[in-house]
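Take a look at the structure set out below.
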Protein chains: 2
Amino acid sequence: MYRTHTNGELRAAHINEVVTLSGWVQKTRDKGFMVWVDLRDRYGITQLIFDEERTPKDVMEKASQLGREFVIQATGKVIERESKNPNMSTGDIEILVSEISILNASLTPPFTIEDDTDGGEDLRMKYRYLDIRRQPVRRNLVFRHKVTMAVRNYLSQKNFIEVETPYLIKSTPEGARDFVVPSRMNEGQFYALPQSPQTFKQLLMVGGMDKYFQIVKCFRDEDLRADRQPEFTQIDCEMAFVEQEDILQTFEGLTRHLLKEINGVEVDEFARITYDEAMRRYGNDKPDIRFGMEFGELNAVAQHKDFNVFNQAELVVGIAVPQGNGMTRKEIDQLIDWVKRPQIGALGMVYVRCNEDGSYKSSVDKFYDQQDLAKWAEATGATPGDIILVLSGETHKTRTQLSALRMELASRLGLRKSDEFAPLWVVDFPLLEWDEETQRYHAMHHPFTAPKPGQLELLKTNPAAVKANAYDLVLNGNEIGGGSIRIHDKQVQAKMFDYLGFSEQEAKAQFGFLMDAFQYGAPPHGGIAFGLDRLVAILGGQETIRDFIAFPKNNAGRDVMIDAPAPIDSDQLDELHLQLNLKKL
Amino acid sequence: MYRTHTNGELRAAHINEVVTLSGWVQKTRDKGFMVWVDLRDRYGITQLIFDEERTPKDVMEKASQLGREFVIQATGKVIERESKNPNMSTGDIEILVSEISILNASLTPPFTIEDDTDGGEDLRMKYRYLDIRRQPVRRNLVFRHKVTMAVRNYLSQKNFIEVETPYLIKSTPEGARDFVVPSRMNEGQFYALPQSPQTFKQLLMVGGMDKYFQIVKCFRDEDLRADRQPEFTQIDCEMAFVEQEDILQTFEGLTRHLLKEINGVEVDEFARITYDEAMRRYGNDKPDIRFGMEFGELNAVAQHKDFNVFNQAELVVGIAVPQGNGMTRKEIDQLIDWVKRPQIGALGMVYVRCNEDGSYKSSVDKFYDQQDLAKWAEATGATPGDIILVLSGETHKTRTQLSALRMELASRLGLRKSDEFAPLWVVDFPLLEWDEETQRYHAMHHPFTAPKPGQLELLKTNPAAVKANAYDLVLNGNEIGGGSIRIHDKQVQAKMFDYLGFSEQEAKAQFGFLMDAFQYGAPPHGGIAFGLDRLVAILGGQETIRDFIAFPKNNAGRDVMIDAPAPIDSDQLDELHLQLNLKKL
């Protein structure tokens, strides 16, 4: 047996017991006559002590040879520590070692195995197995496990069944790009890895499985942005015989349970907002409502004066920054530069200082008097001491810009507190969104989302106005889940495919099985999917997902630790009936 | 709201309540003046009644239009049933329907949605979403969920952490064939889908994560045999600082827990047998020990007489079939034909009838007298009333043939009871096995398995004799789990790769990351993996896995429901830097 206890386990109550521990040498202090070793494992750190008066000579010698990250086994007596460490769970005791064996030596690791490591991102990823030894990463992985267990137990208790759907499925050009898998046994044919189990979970509903869930890997071959992974994990859920309200209640219950179980935070009924309202009040379909700074639309009070910039704008809109009047002129200029950066793209910014005495001082005093500005203050909810920041232009762009500014200011002002949780349902999403590149409408959610009852015919006359019973769950400004009520009627689904530009043949080839299934008694159904990586990161109080994934890929989709992807043998290619077609070589 | 209750919920206590139910029409009986409908959902069946005296006329009309598998919603009063059905949980009541709406019509399904369907395998797979509506399939999927929840909760309680390992990894030619995934962003390069998370779980041990588990899909591109799937699910586990005994204890605990929780069966300490002994006593490394019929080796008592067939054989071995003397001559001849089939391949079979009076009558009485045959009876444990069946030839082949015969007889005699569970650890597997095709030794388990301490050097002199701390968990004649203590030393691993025929470059290219990791303080570690599909089937008392998988593939690796794999667009191929190389076209 390699150990009698873990390194996080021993307390004062164990004093005088003889124990055996195993683990990694976190650090050693060698005073010659005395050596201390911090021994680390998944569970904690225990201090070993070697003392020339009490420790056998050969053991003493071995102790002085130990390097960082050596793997050792040590046996000794638990003794009371002279200088206790109240910051360590094992800080009351130490082990007076009588026997030691080196289970494995270690080269000097390429970065320090400490909470704050000196290793950069690239090095940490290459040696991820060492990075995982660091407490923050290990803690995140354990935290992730805790969350998934809580999800599974909650849903299981609510009579949901986890059903595994297949990973080797069929490629569909709709949506993001698929990863494909050539079939050796079916020459010239390919499987695809699922972007989500969408059609399978709908088939499970047709199959009468009712409450389904699955924590499942999904795959998207997209050009990676920061904090996106080609493989990611979803909590995928679907229910039959439900309306939107049933789903919102059920998964509000799940989320509330997680916040309570995992974070110890009690949240009342979740706020709800329509997509249109979210765009109007926050310029964003996933608003962070932990703080205010809601948009005030100023067209009525800022247009029809002599300020042409505003007169020509589709939208004039501002926010009141609490206590923002404290900003210096220089700080304001920096903010103006910030919104004019290409990533944001505003052409300029107008500001109004709300003085403590009730007067206003703006950058457009030439065009607006105190009475005008008072109306701006009213529209944005500004009070004395605030500053109003105003952008203008095309509606959607301006909202997006002001939303970015709002979030940036909230971060600077410390309003995005990681231990505060403000969940929000965004409902009534449009069914379609306009795609500039292809100059046509695409399904905003996916082509299986049902239009709201009675709105199907609107598709022909005013497609942008068609709403769906589609909803997102937003937490602290991040979309953590999204779903919809699905189409369950073959004719409606056929119409939708037709509208989205599928020929009848394409629709049949790609989704014929689903439309066939709808002919045999498909129940009304709907569902939701949560992005687990993001959910876990947010519950863990962090914004980036990478350290909540054991072995993440980099932005080029590579695993730099195992060096994948990699070339394969020509024999393998032959067997798969493929040859390379390398244009660039 | 579509329903106030499910169809498995209503009891006599609900009588006089007005309820709304939704579900599928299982069947209707229309007497004109009265219509009965069995309404089905995941939870059960409830009888609806329509009665011309009490039911509104329009509702009555709709009721008579209902076809099988129509999806309906019905509201009505719970009333006491005149003729109660004690076989149904809802058999005390029925619903006198006052409102009905047809939520979706259904074509006549291609097979009956009954426990015993008239649909053949092919049809059931094509319309799997209808097949899943059948109670036996649905029950299996719910059962699978119950098993995985029990596994997760047990391991989690024992401080195991579920960690997700990546699906897009690197291809390695060792072992079975990989499924590969071409990378669009890394031209000419491929990911591979994992055959198991083996190397990643070992890296987690190096990373100090200690008790790891994962219920995870794995992939093997093999020519499919019956009851094999290209994608399958594993309960994958690994522990650090453990010896074999720690692992056996831990997963014996898990298996005992499952047998108790899921099957209500208490099993004492699991039996253990070495690989060599299993081969000798059962001719099989996964013996079914629910019944006896152990092998009796007869060389000492059957050779050196005048029967040349036995004299020339490497092994003469028999089993005593309990009460087998009841077999007619014709039945014995059929058994002889059975063992001579090419799938078994025996050249003949000798039998000895053990008469009730203590005398023997054999097919080789010419060569053996009563005293000889008494020794055979002793060696095989035969008692009066039994029959001894004897095969001979090359040791391994003969054992395999007799093992097949033993299993066949056990099935015929009803000794393989699906509600009886006899778990068995098979330990001390050989490290290597001889491969006839390539004429060299291969790793029996995988190249990361450690030889038993002190046996590394034996590799050069007597490779077949090298044993490993490798073990299988066998349940009712099926291998449900297997694992080993791993190599954790870089030099040993390098030697092993060398021995298995990897060049230094190949070893470095494929597993360099693992050997690198071993240099930075790899702890002793080991683990096990259970085949979930098989485990669930056996716990469920069945032998085939297919109906415990929601959407299985057929023997050609095809999903006939969605018709995958399928050709992909040439654009997609271009993006992946590939072209087809179809030799047969």
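Tell me the residue from A:211, A:201 that is assigned by TED's automatic domain parsing to the domain that holds residue A:541, of a type in the set (Lys, Arg) and open to solvent by less than 30 Å² (accessible area, probe 1.4 Å), please. Talk me through it step by step, then tell me what you get.
Working: A:211 fails: open to solvent by less than 30 Å² (accessible area, probe 1.4 Å).
One residue alone meets the criteria, A:201.
Among the residues of the range B:170-187, write down those that are in a loop (DSSP other than H, G, I, E, B) and open to solvent by less than 10 Å² (accessible area, probe 1.4 Å).
Answer for the range B:170-187, where residues must be in a loop (DSSP other than H, G, I, E, B) and open to solvent by less than 10 Å² (accessible area, probe 1.4 Å): B:179, B:183.
From (1) among the small types (Gly, Ala, Ser); (2) over 32 Å from the mean Cα position of the chain (by Cα); (3) on the phi > 0 side of the Ramachandran plot, pick out the condition that doesn't hold for residue A:313.
Residue A:313 satisfies all of (1) among the small types (Gly, Ala, Ser); (2) over 32 Å from the mean Cα position of the chain (by Cα); (3) on the phi > 0 side of the Ramachandran plot except (3).
What do you reckon, is residue B:94 more than 14 Å from chain A (Cβ to nearest Cβ), of a type outside the set (A, V, I, L, M, F, W, C) and assigned to a loop (DSSP other than H, G, I, E, B)? Give the derivation first.
Working: more than 14 Å from chain A (Cβ to nearest Cβ): yes; of a type outside the set (A, V, I, L, M, F, W, C): yes; assigned to a loop (DSSP other than H, G, I, E, B): no.
So residue B:94 does not fit the description; no.
For residue B:54, are the conditions met, namely being farther than 22 Å from residue B:105 by Cα, over 35 Å from the mean Cα position of the chain (by Cα) and touching a residue at least 40 places away in the same chain (Cβ under 8 Å)? Reasoning before the result, please.
Working: farther than 22 Å from residue B:105 by Cα: yes; over 35 Å from the mean Cα position of the chain (by Cα): yes; touching a residue at least 40 places away in the same chain (Cβ under 8 Å): yes.
So residue B:54 fits the description; yes.
Applying the selection to the range A:400-422, what residues are closer than 23 Å to residue A:535 by Cα, open to solvent by less than 20 Å² (accessible area, probe 1.4 Å) and of a type in the set (A, V, I, L, M)?
The initial filter retains those residues of the range A:400-422 that are closer than 23 Å to residue A:535 by Cα, namely A:403-404, A:406-408, A:410-411, A:414-422.
Checking which are open to solvent by less than 20 Å² (accessible area, probe 1.4 Å) leaves us with A:403, A:406, A:410, A:422.
Once the filter is applied, which keeps residues that are closer than 23 Å to residue A:535 by Cα, open to solvent by less than 20 Å² (accessible area, probe 1.4 Å) and of a type in the set (A, V, I, L, M), the range A:400-422 yields A:410, A:422.
Any idea which residue in the range B:368-383 is least open to solvent (accessible area, probe 1.4 Å), counting only those that are part of a loop (DSSP other than H, G, I, E, B), over 23 Å from residue B:404 (Cβ atoms) and touching a helix residue (DSSP H, G or I) at 6+ places or on another chain (Cβ under 8 Å)? Let's see the steps before the verdict.
Just the residues of the range B:368-383 that are part of a loop (DSSP other than H, G, I, E, B), to begin with: B:368-369, B:381-383.
With the extra rule that they be over 23 Å from residue B:404 (Cβ atoms), the set shrinks to B:368-369, B:383.
Subset that is touching a helix residue (DSSP H, G or I) at 6+ places or on another chain (Cβ under 8 Å): B:368, B:383.
Numbers: B:368: 7, B:383: 75 Å².
Filtering the range B:368-383 for residues that are part of a loop (DSSP other than H, G, I, E, B), over 23 Å from residue B:404 (Cβ atoms) and touching a helix residue (DSSP H, G or I) at 6+ places or on another chain (Cβ under 8 Å), the one least open to solvent (accessible area, probe 1.4 Å) comes out as B:368.
Please go through the range A:139-164 and give me each residue that is more than 7 Å from chain B (Cβ to nearest Cβ) and assigned to a helix (DSSP H, G or I), ordered by number. Give the steps one after another, and end with the answer.
Applying the first criterion (more than 7 Å from chain B (Cβ to nearest Cβ)) to the range A:139-164 yields A:139-140, A:143-144, A:146-147, A:150-151, A:153-155, A:157-160.
Across the range A:139-164, the qualifying residues are A:139, A:140, A:143, A:144, A:146, A:147, A:150, A:151, A:153, A:154, A:155, A:157.
In the range A:418-427, is there at least one residue being under 22 Å from residue A:522 (Cβ atoms), modelled with pLDDT of 95 or more and out of contact with any Gly (no Cβ under 6 Å at 6 or more places or on another chain)? Give the derivation first.
Initially, the range A:418-427 is screened for residues under 22 Å from residue A:522 (Cβ atoms), giving none.
No: zero hits.
Could you tell me which of the residues A:256, A:228 is basic (Lys, Arg), surrounded by 15 or more Cβ atoms within 10 Å (Cβ to Cβ) and within 14 Å of chain B (Cβ to nearest Cβ)?
Only one candidate qualifies: A:228.
Return the residue satisfying two criteria in turn: it lies in the range A:11-60 and is open to solvent by less than 40 Å² (accessible area, probe 1.4 Å) and part of a loop (DSSP other than H, G, I, E, B), and of such residues it is farthest from the other protein chains (Cβ to nearest Cβ).
Here the residue is A:55.
Please go through (1) surrounded by fewer than 22 Cβ atoms within 10 Å (Cβ to Cβ); (2) more than 10 Å from chain A (Cβ to nearest Cβ); (3) hydrophobic (A, V, I, L, M, F, W, C) for residue B:105 and return the number of the only condition it doesn't satisfy.
Only one criterion is unmet by residue B:105, namely (2).
I'd like to know if the range A:120-134 contains one or more residues that are in contact (Cβ under 8 Å) with a residue 40 or more places away in the chain and of a type in the set (Val, Ile, Thr).
Yes, the range A:120-134 has at least one match.
Restricting attention to the range A:559-575, report how many residues are part of a loop (DSSP other than H, G, I, E, B) and either surrounded by fewer than 18 Cβ atoms within 10 Å (Cβ to Cβ) or more than 7 Å from chain B (Cβ to nearest Cβ) (or both).
Taking the range A:559-575 as the starting set, the residues that turn out to be part of a loop (DSSP other than H, G, I, E, B) are A:560-563, A:565, A:567-569.
Checking the rest, the ones that are also either surrounded by fewer than 18 Cβ atoms within 10 Å (Cβ to Cβ) or more than 7 Å from chain B (Cβ to nearest Cβ) (or both) come to A:560, A:563, A:567, A:569.
Total meeting the criteria: 4.
Residues in the range A:188-198 that are open to solvent by 10 Å² or more (accessible area, probe 1.4 Å) and outside any loop (DSSP other than H, G, I, E, B): how many?
Result for the range A:188-198: 1.
May I ask you to say which residue of B:313, B:271, B:300 is buried (at least 16 other Cβ atoms within 10 Å of the Cβ) and either of a type in the set (Gly, Ala, Ser) or under 18 Å from residue B:394 (Cβ atoms) (or both)?
Values: B:271 fails: buried (at least 16 other Cβ atoms within 10 Å of the Cβ); B:300 fails: buried (at least 16 other Cβ atoms within 10 Å of the Cβ).
When all the criteria are applied, what remains is B:313.
Being open to solvent by 20 Å² or more (accessible area, probe 1.4 Å), in contact with a helix residue (DSSP H, G or I) (Cβ under 9 Å, 6 or more places away or on another chain) and closer than 30 Å to residue A:529 by Cβ narrows it down to one of A:160, A:143, so name that one.
Numbers: A:160 fails: open to solvent by 20 Å² or more (accessible area, probe 1.4 Å).
Residue meeting the stated conditions: A:143.
When you scan the range A:543-555, how many residues do you find that are at the interface with chain B (Cβ under 7 Å from one of its Cβ atoms) and either assigned to a strand (DSSP E or B) or touching a Leu at 6+ places or on another chain (Cβ under 7 Å) (or both)? Before you say what the answer is, go through the steps one by one.
Within the range A:543-555, the subset at the interface with chain B (Cβ under 7 Å from one of its Cβ atoms) is A:550-551.
Still in the running and either assigned to a strand (DSSP E or B) or touching a Leu at 6+ places or on another chain (Cβ under 7 Å) (or both): A:550.
Within the range A:543-555, residues that are at the interface with chain B (Cβ under 7 Å from one of its Cβ atoms) and either assigned to a strand (DSSP E or B) or touching a Leu at 6+ places or on another chain (Cβ under 7 Å) (or both) number 1.
Show me the strands (runs of 3 or more DSSP E) entirely contained within the range A:433-539 in which 1 or more residues are more than 26 Å from residue A:155 (Cβ to Cβ) and of a type in the set (Lys, Arg).
Numbers: elements: A:440-443, A:470-475, A:478-485, A:525-531.
Answer list for the range A:433-539: A:440-443.
Does residue B:167 meet the test of being open to solvent by less than 30 Å² (accessible area, probe 1.4 Å), at the interface with chain A (Cβ under 8 Å from one of its Cβ atoms) and either part of a loop (DSSP other than H, G, I, E, B) or touching a Phe, Trp or Tyr at 6+ places or on another chain (Cβ under 6 Å) (or both)? Break it down into steps so the answer makes sense when it comes.
On the way: open to solvent by less than 30 Å² (accessible area, probe 1.4 Å): yes; at the interface with chain A (Cβ under 8 Å from one of its Cβ atoms): yes; either part of a loop (DSSP other than H, G, I, E, B) or touching a Phe, Trp or Tyr at 6+ places or on another chain (Cβ under 6 Å) (or both): yes.
The answer is yes for residue B:167.
Yes or no: residue A:521 open to solvent by less than 30 Å² (accessible area, probe 1.4 Å), small (Gly, Ala, Ser) and in contact (Cβ under 8 Å) with a residue 40 or more places away in the chain?
Values: open to solvent by less than 30 Å² (accessible area, probe 1.4 Å): yes; small (Gly, Ala, Ser): yes; in contact (Cβ under 8 Å) with a residue 40 or more places away in the chain: yes.
Taking the combined requirement at face value, the residue satisfies it.
Can you list residue pairs whose Cβ atoms sit under 6 Å apart, with the first residue in the range B:236-251 being more than 10 Å from chain A (Cβ to nearest Cβ) and hydroxyl-bearing (Ser, Thr, Tyr) and the second being open to solvent by 10 Å² or more (accessible area, probe 1.4 Å) and in a strand (DSSP E or B)? Count only pairs 6 or more apart in sequence or on different chains.
none
Kindly establish whether residue B:391 is aliphatic (A, V, I, L, M) and either in contact (Cβ under 8 Å) with a residue 60 or more places away in the chain or in a loop (DSSP other than H, G, I, E, B) (or both).
Values: aliphatic (A, V, I, L, M): yes; either in contact (Cβ under 8 Å) with a residue 60 or more places away in the chain or in a loop (DSSP other than H, G, I, E, B) (or both): yes.
Judged against the criteria, residue B:391 is a match.
Give all pairs with beta carbons closer than 6 Å in which a residue from the range B:530-552 that is closer than 19 Å to residue B:261 by Cα and open to solvent by 10 Å² or more (accessible area, probe 1.4 Å) meets a residue that is among the hydroxyl-bearing types (Ser, Thr, Tyr) and modelled with pLDDT under 95; count only pairs at least 6 apart in sequence or on separate chains.
The qualifying pairs are B:541/B:418.
Determine, yes or no, whether residue B:526 is over 19 Å from residue B:236 (Cβ atoms), at pLDDT 90 or above and within 12 Å of chain A (Cβ to nearest Cβ).
On the way: over 19 Å from residue B:236 (Cβ atoms): no; at pLDDT 90 or above: yes; within 12 Å of chain A (Cβ to nearest Cβ): yes.
Criteria not met by residue B:526.
Given the range A:291-346, what helices (runs of 4 or more DSSP H) lie entirely inside it while holding 1 or more residues that are in contact with a strand residue (DSSP E or B) (Cβ under 9 Å, 6 or more places away or on another chain) and closer than 11 Å to residue A:402 by Cα?
A:329-340
Just checking, which of B:131, B:92, B:122, B:115 is at pLDDT 95 or above and open to solvent by 60 Å² or more (accessible area, probe 1.4 Å)? Full working, then the answer.
Values: B:131 fails: open to solvent by 60 Å² or more (accessible area, probe 1.4 Å); B:122 fails: at pLDDT 95 or above; B:115 fails: at pLDDT 95 or above.
Selected residue: B:92, the only one of B:131, B:92, B:122, B:115 that is at pLDDT 95 or above and open to solvent by 60 Å² or more (accessible area, probe 1.4 Å).
The values are calculated or read from the model by the stated rules, or taken from the named source; none is laboratory data. Quick caveat, the model's predicted, so the values are computed rather than measured. Backbone-built Cβ (ideal geometry, glycine too); neighbour counts: all protein chains shown. Remember, those area values only see protein heavy atoms, side chains included, never the ligands or the DNA or RNA. Shrake-Rupley method; radii C 1.70, N 1.55, O 1.52, S 1.80 Å.
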